[in-house]
Amino acid sequence: MIHASIVTIGDEILIGQVLDTNSQQLARALEETGVHVVRMVSIGDDGEEIAQTLLQELQRSQLVFCTGGLGPTKDDITKAVLARISGSKGYKKHEGQMEKVIEILHGRGLDVLPCNENQAMVPEKADVIVNQLGTAPIMVFRNMPGTLYSLPGVPHEAVGAIPAILDDVKAHQPLSQILHRNIMVYGLAESALSEKLAPWEDHLPADMHLAYLPNPLTGIRLRLSCYGTASGDEVQRMEAELSRLKALLGPLMYADEDSDLETALGRIARENGLTLSCAESCTGGMIAHMITSVPGSSGYFLGSVTSYAIAVKEKVLGVPGEVIEKNGVVSSEVAAAMAEGVRRLTGSDYAVSTTGLAGPSGDEFNPVGTVWIGVAGPRGSKTVKYVYKNDRKRNIERFAASALNFLRLFILEDLNR
């Protein structure tokens, strides 16, 4: 198994001014190729720290990828450090990158300055992969304890260079296979899910590993990984384990790929010729936004009502005033009436509703984070209550995701009757 380290260079990363998306994209691509990323490190624009960190990582990993510090300004010092630690005695001009520098700058109506020309100068011991999207070349140093790849820090340039870098890696490294399969789960906390799956997980083959990746909007992504062995039967063995896992999860599983609840719900609606609608209070339109973010949702989503005010609940959705007065606006009865009202209003087959308190405060009957979710369909309505102890933004996300999942389960129950 080939191991890799990723080193991100730049003060802007450390002070939080720029988000490090390069490492995420690069790591994902490397794993899919058969390179196992074991470390990620972020450091500032300090020459000695850059040198020490890169040399340390080259002792730990066969491949090291660094991004940043290759621009034309004085604070871009990575290339000089790379020349020093690679033992290069001088620099050479790379004609291919020089042509790209001229093409890019002239295309923008700019003159080619000496500092731009310097970007095509690389340490003598560097191989070059021409950067097709920018002026700084991708440099490869193969004379180190491992192999070092230096990428520009500009995200679209770094990500754009990944295919060429992977081709180079494949040409020079004996790669083993890494298989990943994803299962999407909603409805159990991570700890409860782990306990449920413990007997199955304890009997996984030694070369397989299960990772739990939680997200408030999508639930938990279970990633089953299998690292290449000499047997060559990884796919069949992984499929067998996945079958056992799916049987354990039942309806908790909503997709057997990296997906989301709105896509899973849309697939159910589309495959069964069903239409949907929603009535939202505390989620403020987020459920409708999630549903309509799926391409083709116009084929099954009829519309929504954001009934934030009590008057809208009564006048538009037809929630009886006495129901609100007797039970309170955050209640099972109101949630059911909202779902029934929007289903009646739009003529949809199924509807979902939310009424709750996202925060920052609750009321005398309900703590902050309380939500009642209602669903309605041909066989009537149903409600459920959740209490999430998060901030306002996170509560709204949890409310919306839980509403989509509750509607999904409600429809599946009907379809399986």
Task: Unmet requirement for ARG392, which otherwise passes all of (1) closer than 24 Å to LEU261 by Cα; (2) in contact with a strand residue (DSSP E or B) (Cβ under 8 Å, 6 or more places away or on another chain) - done: (2)
- [ ] Please go through the range 1-25 and pick out each residue that is in a loop (DSSP other than H, G, I, E, B), within 22 Å of the chain's Cα centre (by Cα) and not acidic (Asp, Glu).
- [x] GLY16, GLN17, VAL18, LEU19
- [ ] Look through LEU70, LEU58 and report the one residue that is at pLDDT below 95 and among the aliphatic types (A, V, I, L, M).
- [x] LEU70
Task: Any hit, the range 34-46, residues being touching a strand residue (DSSP E or B) at 6+ places or on another chain (Cβ under 7 Å), assigned to a helix (DSSP H, G or I) and either surrounded by fewer than 22 Cβ atoms within 10 Å (Cβ to Cβ) or in the same structural domain as LEU166 (by TED's automatic domain parsing) (or both) - done: no
Task: Residues within the range 91-129 that are part of a helix (DSSP H, G or I) and aliphatic (A, V, I, L, M), tallied - done: 5
Task: Given (1) of a type in the set (Phe, Trp, Tyr); (2) surrounded by fewer than 21 Cβ atoms within 10 Å (Cβ to Cβ); (3) in a helix (DSSP H, G or I), index of the condition TYR386 fails - done: (3)
Task: Residue, surrounded by the fewest Cβ atoms within 10 Å (Cβ to Cβ), within the range 265-294, restricted to residues that are within 22 Å of the chain's Cα centre (by Cα) and free of Cβ contacts under 8 Å to residues at least 60 places away in the same chain - done: SER293
Task: Failed condition for SER88, given (1) over 30 Å from ILE178 (Cα atoms); (2) touching a strand residue (DSSP E or B) at 6+ places or on another chain (Cβ under 8 Å); (3) assigned to a helix (DSSP H, G or I) - done: (3)
Open item on the list: Looking only at residues that are under 23 Å from ASN118 (Cβ atoms) and of a type in the set (A, V, I, L, M, F, W, C) in the range 47-64, which one is surrounded by the fewest Cβ atoms within 10 Å (Cβ to Cβ)?
Closed with: ALA51
Task: Odd one out for ASN182 among (1) within 19 Å of HIS36 (Cβ to Cβ); (2) surrounded by 14 or more Cβ atoms within 10 Å (Cβ to Cβ); (3) of a type outside the set (Lys, Arg); (4) more than 22 Å from the chain's Cα centre (by Cα) - done: (4)
Task: Some residue of the range 345-359 being over 18 Å from GLU397 (Cα atoms) and without any contact (Cβ under 8 Å) to a residue 40 or more places away in the chain - done: no
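The values are calculated or read from the model by the stated rules, or taken from the named source; none is laboratory data. Everything quoted here is computed from the prediction, not taken from an experiment. All Cβ positions, even for glycine, are placed from backbone atoms using ideal geometry, and neighbour counts span all protein chains on display.
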